[in-house]
Amino acid sequence: QVQLVESGGGLVQAGGSLRLSCAASGSRFSGMTMAWYRQAPGKQRALVATIATGGSTVYAGSVKGRFTISRDNAKNTVYLQMNSLKPEDTAVYYCNAALGLYSVWGQGTQVTVSS
């Protein structure tokens, strides 16, 4: 079983930066596609970015050029560097790990961007 623990959320002013981390337990991390999702109040959970085992990345259009996803397989950790934050980035951010039909979520971390 893989367990995910997110950290790094908080309150930041518009234009600021935050780096989220997601630490995974277990030995399957390097073989898993990792992703960050977010869910704003009253909205559905939406994909922010993914990173495959080989390092290829995909971003939502709303964050492209501002957010960067990366992974460190030696540390079983995936990161989300968020720059030029906007109030509309305010949400609970969730880490996801997937391998075939297996998918696991972290507990989420709150990001609040003030205007």
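The values are calculated or read from the model by the stated rules, or taken from the named source; none is laboratory data. Note that this is a predicted model, so its numbers are computed, not measured. Because the Cβ atoms are built from the backbone with ideal geometry, glycine has one as well, and the counts that use them run over all protein chains shown. Heads up: the accessible areas ignore ligands, DNA and RNA and are worked out on the full protein's heavy atoms, side chains in. Shrake-Rupley method; radii C 1.70, N 1.55, O 1.52, S 1.80 Å.
Tabulated results
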| item | result |
| --- | --- |
| Residues of the range 82-112 satisfying the condition of being open to solvent by 70 Å² or more (accessible area, probe 1.4 Å) and in a loop (DSSP other than H, G, I, E, B) | K86, G100, L101, Q107 |
| Any chance S30 is assigned to a loop (DSSP other than H, G, I, E, B) and either at pLDDT 95 or above or loosely packed, with under 15 Cβ neighbours inside 10 Å (or both) | no |
| Filtered residue count, the range 43-81, keeping only those that are surrounded by 14 or more Cβ atoms within 10 Å (Cβ to Cβ) and at positive phi | 1 |
| The listed residue being farther than 18 Å from G8 by Cβ, of a type in the set (A, V, I, L, M) and at pLDDT 95 or above, out of A46, A74, A91, A97 | A46 |
| Unmet criterion (only one of (1) assigned to a strand (DSSP E or B); (2) without any contact (Cβ under 8 Å) to a residue 40 or more places away in the chain; (3) closer than 19 Å to V111 by Cα) for K64 | (1) |
